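Here's the structure, in structure tokens; my notes come after.
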Amino acid sequence: MRTKRLAVMGSSKSWEWKTSAEAYEALNQEFKFDHDPSPTGGSLGLLEAWGKMNYVNPPYGRGMEAWLTRAVMEREKGNGSVFNIPARTDTRWFHEIVIPFADEVRFVRGRQRFGGAKHSAPFPSIIVIFRPRKEGR
């Protein structure tokens, strides 16, 4: 039983976790999003133009580094991004992208319940904020 439970906690049948309307609305009130490059999952959002203030809930897999790198590039263009991602503080992307480049990291208290899910997520989450860079800053 213990082995089965641990296997479930470390994996997922899907890399896509839809944000609940309540969680999105709370962030949207603060940041006033004008674009979501990852509304349906997949990596197509990496190929399109991003808005001035982006809400990003990317697929939670090996592609996380590409999404965070894109946020750093967008920030340099004057665009901001707010990420809702798993709190994987032991990963390379956390240490090489989030820590040196993010303007703010908010640790979500408890476990999020993603849209349509019966139960809360089996992992903790963080909100990572990349504020737009202003000239001379």
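The values are calculated or read from the model by the stated rules, or taken from the named source; none is laboratory data. In this text, all values refer to a predicted model and were calculated from it rather than measured experimentally. When we count neighbours, we look across all protein chains shown, and the Cβ atoms used for this are built from the backbone with ideal geometry, even at glycine.
Taking residues in region 8-34 that are hydroxyl-bearing (Ser, Thr, Tyr), and partners anywhere that are at pLDDT 50 or above and outside any loop (DSSP other than H, G, I, E, B), the pairs with Cβ atoms closer than 9 Å and at least 6 places apart or on different chains are THR19/LEU27; THR19/TYR55; THR19/ASN84; TYR24/TYR55; TYR24/ASN84. Taken over region 45-95, the criterion of being of a type in the set (A, V, I, L, M, F, W, C) and either crowded, with 21+ Cβ neighbours inside 10 Å or closer than 14 Å to SER125 by Cβ (or both) is satisfied by TRP50, VAL56, MET64, TRP67, LEU68, ALA71, VAL82, PHE83, ILE85, ALA87, PHE94.
Within the group PHE107, PHE83, which residue is closer than 14 Å to ILE129 by Cα, at pLDDT 95 or above and not basic (Lys, Arg)?
PHE83
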